[in-house]
Each structure stands twice: as C-alpha cells, then as structure tokens.
Amino acid sequence: MNIVLLGAAGSGKGTISDFLKSEYGLKHISTGEILRNNIKMKTPLGELAARYINDGNLVPDEVVINMIKEIVSGNNSGYIFDGFPRNLNQAQKLDEICKVDLVLSVEVQRDIILKRLSNRRICPKCNLTISIDDAPNGLCPKCNSQLITRDDDKPESIKKRLEIYEAGANILKDYYKNKLFVIDNSGDLKTTMNSVKNVVGGKKTYDM
Ligand SMILES: [Zn+2]
C-alpha cells in the first residue's frame, strides 16, 4: 500500500508518518533525503542532479521521479510519500511508476496552526526549538539564553506560507479526489490516530 501524505508545516504530518511506519511497516520516502543520498553515492542520477544544483538551478521533476522509480520498482514494500508530489506534473508522473492507494491530507484549523507555530521559539545559542508554553520565562532551559521568535514564525509569514501551501494542496486534492481522506488533527493525538487507523485499516482489508 502506498500513501501520499499532504499537510502544511505545523499540521503534525511528521507524527502521523511515524505512526504509519510503525503500525503498517511502510517506508518513508522524502525527496530531499533521496536527492542527498544519490548525490553522496555519486550515482548517475546523483551526478546529474548535482550539475543542476551547482549551476544554481532546481533539479527537474524528471530526475527526482527517476530516483523514486529506482527505489520503488521491483520492491514489494509500501511507501509513504512525504513532501512529494508537490504539483500536478509530479502527481501524474508518480502515477506512472507506482499505484497510489490512499492520500491523507492532515489538516488543522487555521487558528490552531497559527497558535502552534507562533508559540514556537528558538534559542539563538544552542538552536533548541521549544514552545513558549514549555519555557514561560522566555529563557532556554538548556543554556539559559533569551529565546527568540524566528522571522518565519511571525503570524504574517505563517499566514502567507499557509496560503501558498493551500493553493498547491487544493490542486493535488482535486487530482486525488477519489482516494483522498482528510485527517483532522485539530484535537488530541489519540482521536487523530484513531481516524488514521479507520481509514488505512479499512483500505488494507480490501486491498492487500
Ligand atoms: Zn539554548
């Protein structure tokens, strides 16, 4: 079973991905990681990608999809695609190399995501990321430095990022509408995991 996982930063997508790995033995595919590995191992595709990057260009979809193809073809494991596809072209190409069984869109009410992200602080000295709820005095619990808010975590930047994410996600959600399930992660984790189990478990009995 292959699952595409959609979700904005702060949606808790990472937690759900971990759950899918441990509960269903799926393997996690992150394109960033695949790209780095190929470049590090100096594979032909890695060398090609490195040339684009060194020239200051983005690595074309075609190269990334071929890297994914090498991993999934002739392999019986199920995969979680995280952060990929990002656009319609990538989604169509992914369909050519493997069957996507389920698409989970992890969603959180906007005011909750805003609160979660705007509560995030970082320590400029030791890089610890922490919620202000866990450091009410505004000081880093590890090294006692004054915590700061990253520019990225200011409400205006968060709103803008969410809007960009949603515009892209809506296109993908429409493309995958026949296999799409929305997982509401606004409440507690247990409720979320139960809905994931219901969706994935139900799918499993029919498909595997
Ligand atoms: Zn610190």
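The values are calculated or read from the model by the stated rules, or taken from the named source; none is laboratory data. Here the structure is a predicted model, which means the values were calculated and not measured. In this analysis, Cβ positions are derived from the backbone assuming ideal geometry, glycine residues included, and neighbour counts consider all displayed protein chains.
Listing for the model above:
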| item | result |
| --- | --- |
| Lone qualifier among 202, 187 - being exposed (fewer than 14 other Cβ atoms within 10 Å of the Cβ) and in a loop (DSSP other than H, G, I, E, B) | 187 |
| Some residue of region 123-139 being modelled with pLDDT of 90 or more, assigned to a helix (DSSP H, G or I) and either within 17 Å of the chain's Cα centre (by Cα) or not charged (D, E, K, R) (or both) | yes |
| Failed criterion for residue 113 (all others in (1) under 19 Å from residue 15 (Cα atoms); (2) of a type in the set (A, V, I, L, M); (3) out of contact with any Gly (no Cβ under 6 Å at 6 or more places or on another chain) hold) | (3) |
| Checking residue 160 against (1) touching a residue at least 24 places away in the same chain (Cβ under 8 Å); (2) among the basic types (Lys, Arg); (3) closer than 15 Å to residue 10 by Cα, the condition it does not meet | (1) |
| Residue in region 93-104 that is under 27 Å from residue 68 (Cα atoms) and touching an Asp or Glu at 6+ places or on another chain (Cβ under 8 Å) present | yes |
| Which listed residue is within 17 Å of residue 9 (Cβ to Cβ) and either of a type in the set (Phe, Trp, Tyr) or away from the ligand (no atom under 16 Å from the Cβ) (or both), from 177, 197, 154, 203 | 154 |
| Residue tally, condition surrounded by fewer than 16 Cβ atoms within 10 Å (Cβ to Cβ) and assigned to a helix (DSSP H, G or I), over region 149-164 | 9 |
| Restricting region 123-148 to residues that are more than 9 Å from the ligand (Cβ to nearest atom) and either over 30 Å from residue 182 (Cβ atoms) or of a type in the set (Asp, Glu) (or both), the residue that is surrounded by the most Cβ atoms within 10 Å (Cβ to Cβ) | 135 |
| Test: residue in region 33-56 that is within 18 Å of the chain's Cα centre (by Cα), assigned to a helix (DSSP H, G or I) and in contact (Cβ under 8 Å) with a residue 12 or more places away in the chain | yes |
| Some residue of region 73-88 being under 18 Å from the mean Cα position of the chain (by Cα) and in a helix (DSSP H, G or I) | yes |
| Residue match in region 98-119 (condition: touching a Phe, Trp or Tyr at 6+ places or on another chain (Cβ under 9 Å) and hydroxyl-bearing (Ser, Thr, Tyr)) | yes |
| Any chance residue 119 is surrounded by fewer than 17 Cβ atoms within 10 Å (Cβ to Cβ) and more than 16 Å from the ligand (Cβ to nearest atom) | yes |
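For every residue, the table says whether it meets (1) surrounded by 13 or more Cβ atoms within 10 Å (Cβ to Cβ); (2) part of a helix (DSSP H, G or I); (3) over 21 Å from the mean Cα position of the chain (by Cα); (4) of a type in the set (Asp, Glu).
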position: 91; (1), (2), (3), (4): yes, yes, no, no
position: 94; (1), (2), (3), (4): yes, yes, no, no
position: 99; (1), (2), (3), (4): no, no, no, no
position: 106; (1), (2), (3), (4): yes, no, no, no
position: 114; (1), (2), (3), (4): yes, yes, no, no
